1. Antiparallel versus total DSSP beta bridges in the stretch 59-188: what percent is that, nearest 5?
2. Before rounding to the nearest 500, sum -39500 (n - 2.57) across all DSSP H runs of length at least 4 in the chain and divide by the residue total; then give [θ] at 222 nm in deg cm²/dmol.
3. Specify whether the C-alpha gyration tensor of the stretch 219-261 places it in the rounded, prolate or oblate class, a ≥ b ≥ c being the square roots of the eigenvalues: rounded for a/c under 1.5, otherwise prolate if a/b is larger than b/c and oblate if not.
4. Taking the dipole about the Cα centre of the chain, with the C-beta of Lys and Arg at +1 and of Asp and Glu at -1, give me whichever of Leu109, Gly292, Asn158 is farthest to the positive side.
5. Looking at the chain, do any whole DSSP H helices span at least 15 angstrom along their long axis by alpha carbon and average 1.6 or above on Kyte-Doolittle, and which?
6. So which of Lys190/Lys289; Lys289/Lys311; Lys209/Lys322; Lys190/Lys311; Lys202/Lys297; Lys57/Lys289 end up more than 28 Å apart by C-alpha?
7. Run through the DSSP bridge list for the chain and note the antiparallel percent, rounded to the nearest 5.
8. If we count other beta carbons within 10 Å of each Cβ, what is the order of Ser287, Ser271, fewest first?
Amino acid sequence: MTLDEMAKSLGVSKSTVSRALSGKGRIGEETRERIQEFARLQNGSPDRAQERPEAMKNLGVILPADVYSNGGPYFQECILGICETATFLDYDVLIATGSANDVSGIRTLVEKKKVDAIILTRSMEDDRGLQYLTDIGFPVGLTGICSREDVIQVDTDNEAAAESLTSLLVSRGYRKLALVIDDMEYMVNKSRYRGFCNALRKHGISPEKQKVISGPLKVDMLDAILNDLIAQKTECIICGDDIICTRVMSTLQSEGYRIPKDISVASLYNSPNLDCFSPAVTTVNVSAKQVGNMISKQVINFLEGKEYRKKTMMDYEILVRKSASGKQEE
C-alpha cells in the first residue's frame, strides 16, 4: 500500500503518514499510533523506501551540476553555512551534484540509507529530484521556494528585492531599462522577473516596452547584445545575478564605455566578484551563508522533533553605488 493510499484511507496528509512511520518530525502520539496500527494491519509499512534506519546524523546536500562552471560564490557560501550549523549541531554533511533531470545522486544517498534528510540548493520548475523525495516522504529542505507544503524552505524574498531595486532606479530618473537574466526555469529568476515587472507597473511604466533578455548568456553574443542596448538608448541594465553582471561590466569597460555616463548597471545579487569593479556596482545584498545556516538549522530541528519553521524569508539590503547612482548625478 502506498503513502497516498494510506493517507486517503486515514484522512490525513501524506507527510503525516511519513512522519508516523519514520518516527521523525512532530506529530500527535494518538495520530502516530493510529497510523502505525493501520500499517501493521496492512502487513507492514508501504514502500520500502519509507523504511528508515536509526538516525545517522548525516545531511545530504545536492549542488547543481554546473556549480563549478557557472555557480558563482553563492553556492560556496551556502554550503559553508550549511556545514557550519550542521557541525555545531553534531551532524555531518555529504555532498552530491544533480540537475532537474538527473536524480541519480539523490537516489544513491536515499536508497543506500546514507543520510537522514536531503537539502536541495537550487529551486527549479518541474524538478524531478524534489518530486522523487516528496513522493516517498523523505525529509527535504530547499534553499529556494516551491509550492509544496511538505518541503522546508529558506530563501531571500527575491521578488520583493527585485521590485525594490527597480523602484529605486525609477525613482532616480531611469525610464528605459533592460533586464538581462538567466534561464527562467530557475524559480529565483521567475521571482526576480516578477519583481521587475511589479515595480514598473507601480510607476506607470509598461514592462512590455522594456527590454528583457533571458536564457544562458553566451560570451560570444554579449558584445552584440550590449551594443544593441546602447544603440536603443537603454539607460540602465539590470543584471539578474553577479555572474551576468561581471560579464556585462567587463565587456562594457573593455569596449571603452563609461559607466554610468554612457550606460548604468545594477545587479540583483551581490558577491565578492563585483568588488573589483570601479565604479562600484549598485546591487541587492544578501547573505548566502546565513541562508545555509538557516536551512541546516530548520531541517535538523525537524529531524529531532523540535520546533521548526516550514518557510523562512531572509533579509536583504539595497546597496546604492556609483554604477547606477541616478541620472541626475551622471
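We did not get these values from a lab; they are worked out from the coordinates using the rules stated. Predicted model only: the values in this text are computed from it and were never measured. Cβ sites come from the backbone with ideal geometry, for glycine too, and all protein chains shown count toward neighbours.
1. Working: 2 of 18 bridges.
Here the antiparallel bridges make up roughly 10 percent for the stretch 59-188.
2. Values: 12 runs with 139 residues, N = 330.
Calculated at 222 nm, the ellipticity per residue is -13000 deg cm²/dmol.
3. Working: a/c = 1.31, a/b = 1.21, b/c = 1.08.
It comes out rounded by the Cα gyration axes.
4. Asn158
5. Values: long enough: 29-41 (18 Å, -1.45); 72-88 (26 Å, 0.56); 158-171 (19 Å, 0.53); 187-202 (23 Å, -0.86); 219-231 (19 Å, 1.24); 242-254 (18 Å, 0.53); 288-303 (23 Å, 0.29).
Sorted by number, there is nothing, because no helix extends far enough and scores high enough.
6. Details: Lys190/Lys289 22 Å; Lys289/Lys311 17 Å; Lys209/Lys322 26 Å; Lys190/Lys311 18 Å; Lys202/Lys297 37 Å; Lys57/Lys289 21 Å.
As for pairs spanning more than 28 Å Cα to Cα, those are Lys202/Lys297.
7. Details: 5 of 40 bridges.
Percent antiparallel among DSSP bridges in the chain is about 10.
8. Ordered from fewest to most neighbouring Cβ atoms within 10 Å, Ser287, Ser271 come out as Ser287, Ser271.
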